[in-house]
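For reference, the structure is listed below as structure tokens.
No lab work stands behind these numbers, since they all come straight from the coordinates. Small disclaimer: the values here were computed from a predicted structure and weren't measured. Backbone-built Cβ (ideal geometry, glycine too); neighbour counts: all protein chains shown.
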Amino acid sequence: MIRHLIAVFALSLAACGSAAAADAQSAPSQPTRMGEQKDKTVYVQLIVKACHRAETPLEPTGQGKIYDNEKPLTLDERKAVMTALGCIDVPVPMNFLADAMSPAACMGHGGYLAAMQFLEQRQDLAEFPAVGAWECVITDHEVVGAESM
């Protein structure tokens, strides 16, 4: 008796699963949870904040410091600090990324690695080898710059 109930339950789950898969294939233009179309192509432009190499020796910092009254820098304050350090903005060409960079990867560790590899390959940026920050500009159209003209 239990075997029959388990078999009926398994067959009903299989039928529901195949119906859900058929619905997903018949309506591919349904919006995702974020409201964007699944088939919509997005383009990622990576902009690196290239900085000079740090010349200070490594010393222990923040020992015994109490961070209760500290507040993080705002975006404008961080940009001002980077400008004061002499950092420059360098856009990474789309052909370097090879259209394989997703927006999530760009904002995460993949964006940092791509920025670091790009700065290593550019001989004209040898005095700016450090990645101070990176920014991912996500658009629905291909980024056209001076390099592609």
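Couple of notes before you dig in:
- Here the simple spin-label model places points 7 Å from the Cα toward Cβ, and for D76 and Y43 these points are separated by 3.1 nm.
- Net charge of the neighbourhood of C87, taken over other residues with C-beta under 11 Å away and scored Lys/Arg +1, Asp/Glu -1, is +2.
- Segment I88..A130, full-extension length gain: 14.0 nm, with 0.36 nm per residue of separation and the alpha-carbon distance subtracted.
- Sorting 59-69, 75-85, 106-116 by average packing, meaning the other beta carbons within 10 Å per residue, from highest down gives 106-116, 75-85, 59-69.
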